[in-house]
Amino acid sequence: MTRKRARRCREHKADPIHSSPGKGVEETRRGTSLPSSLIRIVDSRLSPRGQNRTRDARSLPQPGSPGFRHLVEKMGSSESSLYQKHLSRFLPDELVDIDGVFDALSGSAGPIEGKGGKAAKRTVTLATFKAYTKDALPESMTVRLFDGMKSVRVSEKPSGPSDQVGKEQFVVFMAALTKGYAEEKSDIVMRMISEADGTVKGSQILEFAEDLVGSLVHVLKYRNELKGWSLQNTQDPTAGTKALASQLVSELKLADGTKVGGTQIPDATCDKGSLEDWVFRVPQVSAFLNVIVRQGLLVLQSLPDRAEDALHLLPQCKGVRNSGFVSLLDIPSITYLNSHLPAEVQHRWRLLFASRLHGESFTQLLGHVVSQGPCLLVLKDSDGHVFGGFASCSWEAKPQFQGDSRCFLFSVSPSLSVFTCTGYNDHFMYLNHRQQTMPNGLGMGGQHYYFGLWIDSDYGKGHSRAKPRCITYNSPQLSAQEDFTLEALEVWAVGDPPESDTTEKGKKSVLDADPEAQALLEMIGKSRRSDGFREPAEEEED
């Protein structure tokens, strides 16, 4: 053995950290209450190999501080690689936020001493979890979230069933649902659906989806995050909740790739792979869970994408204040339709026209929707079917087709579906008025006299002709009868108003767009009777 190597061996033996416990530890860590086992872990993490490991105790987080609690839990908790992986996903401020919520959930504001002076693990029970969420979430979703937390495994060692949730489980749960991949989320979703191992039935997934949609509406209402919408100016969400849940579950595929739909859903059997594929392909599942967790627990509110998530789920509602207006849509259907709009217009809906407010007139309809930017049309026929279309560009009265491939048709009732363009033709939008040689009215898809959606200029009449499908949007017949009677119509401008609209606020009459007609009336001594009935400019709502 060389002299250099022998000297290293002597130094190694003299190192108090490698001496027997109790010798030299208190001298090097005087003034702290760290156990010797944790000191070894701290030194191994804080000091690179070969450097002096007898650091001053004042350089470590002091007992009772948030940093100390993180250090104890991070380094004295069996060091599971899964826990460390998920912990590293959070920023320091986010870790402090999670730590505070877990303290509140576990009913503790600091470390609890267990046997031998060691920090006892703090846990959350279902009772304390319910006490924390209170009425923010329905009880059924509270239980599902707790079951998801309990199912998290933080080590490879097998562990028996427990009715408590530890800090590591809580952190992994939060990281998986708010920042994780589809595979990680599907593990938790599987346990939220059923505590049994193996497969789940389609009926269980459908029940979970209904609970998911219902909880989303509930928590947004409870936290006053409905963005100007309310349960008073929209339809009852009960039917919409079931419709949206059915739509989400209709995207399920079995292990062999077969798509499940209709009456087959309740009896279908899905394994973990099918569920992972579902979570991956249906973004609403992750988005809804994300908002439910953050709003229900009031955690991670400072994340940069938190406001974006909430806004994109529900747009800001404009133009209905103090009008007594009740939309043909409900909160779930608004959420679903908004998710199919181009991202740049998802943040705001502005009511342009409602037949119950502005009258049943095609001229009135044109006066409110022309040159207003992208619009969403919602119709209800006399048989109760609710359907419509999205126009990606401003409506312009001309005898040519307009629009682009972002347009789509949709159904809200009796089923919720969106039908996008096929690429077969470019007959996306059509609007014509007072032409003898061309159809007069508003249409989307198909061809002249055979539109996927048509509102005749003789207001109150319309058709949806698609046998077997509309060639432009691959949509079926949307109305109950091919030729229908229009009961109600509303039009929403989506996104920010076009520049021309913001510079000409207050123009509500069709004559405003025709100065020659206005001058002619003035020459013969007639005034416009609508001048005194102009709608006041809408003030910006908070």
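With contacts defined as alpha carbon pairs under 8 Å and 6 or more residues apart, what's the relative contact order of region 198-301 in percent?
In percent, rounded to a whole number, it is 38.
Within region 186-294, what whole-number % of the accessible surface is contributed by carbon and sulfur, with the 1.4 Å probe and all protein chains included in the calculation?
Roughly 50 percent, rounded to a whole number.
Roll a 1.4 Å probe over the protein heavy atoms and report the accessible area of ARG191 in Å², nearest 10.
Rounded to the nearest 10, the figure is 60 Å².
Of ASP496, ASP458, which has the most accessible area and how do the rest follow, probe 1.4 Å?
Ranking ASP496, ASP458 by accessible area, largest first, yields ASP496, ASP458.
At 1.4 Å probe size, put HIS340, HIS358 in order of accessible surface, largest to smallest.
Sorted descending by solvent-accessible area, the residues read HIS340, HIS358.
Give me the percent of the accessible area of region 377-443 that comes from carbon and sulfur atoms, probe 1.4 Å, all protein chains in place.
With neighbouring chains kept in place, the figure for region 377-443 is 45 percent.
With a 1.4 Å probe and all protein chains kept in place, how do ARG350, ARG223 rank by accessible area, largest first?
ARG223, ARG350
Excluding ligands, DNA and RNA, what is the solvent-accessible area per residue of region 204-281 at a probe of 1.4 Å, expressed in Å²?
Per-residue value: 46 Å².
Could you give the dipole magnitude of region 237-373 about its Cα centre, charging the beta-carbon of Lys and Arg +1 and that of Asp and Glu -1, in debye to the nearest 20?
Result for region 237-373 is approximately 520 debye, rounded to the nearest 20.
Could you work out how far the C-alpha centroid of region 324-394 sits from that of region 160-191, in angstrom?
40 Å
Could you pull out every residue, at least 5 positions away or on a different chain, whose amide H is within less than 5 Å of the one on TRP395? Hs are placed 1.01 Å off N in the peptide plane, and Pro or chain starts have none.
SER371, GLN372, GLY373
When N is the residue count of region 171-243, what does its C-alpha Rg come to as a fraction of 2.2 N^0.38 Å?
Taking N as the residue count of region 171-243, the ratio is 1.34.
What percentages make up the Cα-Cα pair-distance distribution of region 309-370 when the bins are 10 Å wide from 0?
For region 309-370, the pair-distance distribution reads 19, 45, 32, 3.
With no solvent and one equal point scatterer per Cα, compute the Debye intensity ratio I(q)/I(0) for region 325-415 at 0.19 Å⁻¹ and report its log10, rounded to two decimals.
Taken in order of the listed q values, log10 I(q)/I(0) reads -1.03.
Would you mind getting the accessible area per residue of region 411-503, heavy atoms of the protein chains only, 1.4 Å probe, in Å²?
45 Å²
Taking N as the number of residues in region 260-408, what is its Cα Rg relative to 2.2 N^0.38 Å?
1.29
Taking a quarter of the surface of the Cα convex hull of region 398-471, what do you get in nm²?
Dividing the Cα hull surface by four gives the mean projection, 5.3 nm².
Can you run the Rg to Rh ratio on region 123-225? Use alpha carbon positions and the Kirkwood inverse-distance Rh.
With Rg and the Kirkwood Rh in hand, the quotient comes to 0.96.
Can you give me the solvent accessible area of LEU91 with a 1.4 Å probe, rounded to the nearest 10 Å²?
Ignoring ligands and nucleic acids, LEU91 comes out at about 100 Å².
Which value, to two decimals, describes the C-alpha radius of gyration of region 346-478 once divided by 2.2 N^0.38 Å?
Ratio of Rg to 2.2 N^0.38 Å for region 346-478: 0.97.
The values are calculated or read from the model by the stated rules, or taken from the named source; none is laboratory data. A quick note: this is a predicted structure, and the numbers were derived from the prediction, not measured. No Cβ is skipped: glycine too gets one built from the backbone with ideal geometry, and neighbour counts run over all protein chains shown. Heavy atoms of the whole protein, side chains included, go into the accessibility calculation; ligands, DNA and RNA do not. Shrake-Rupley method; radii C 1.70, N 1.55, O 1.52, S 1.80 Å.
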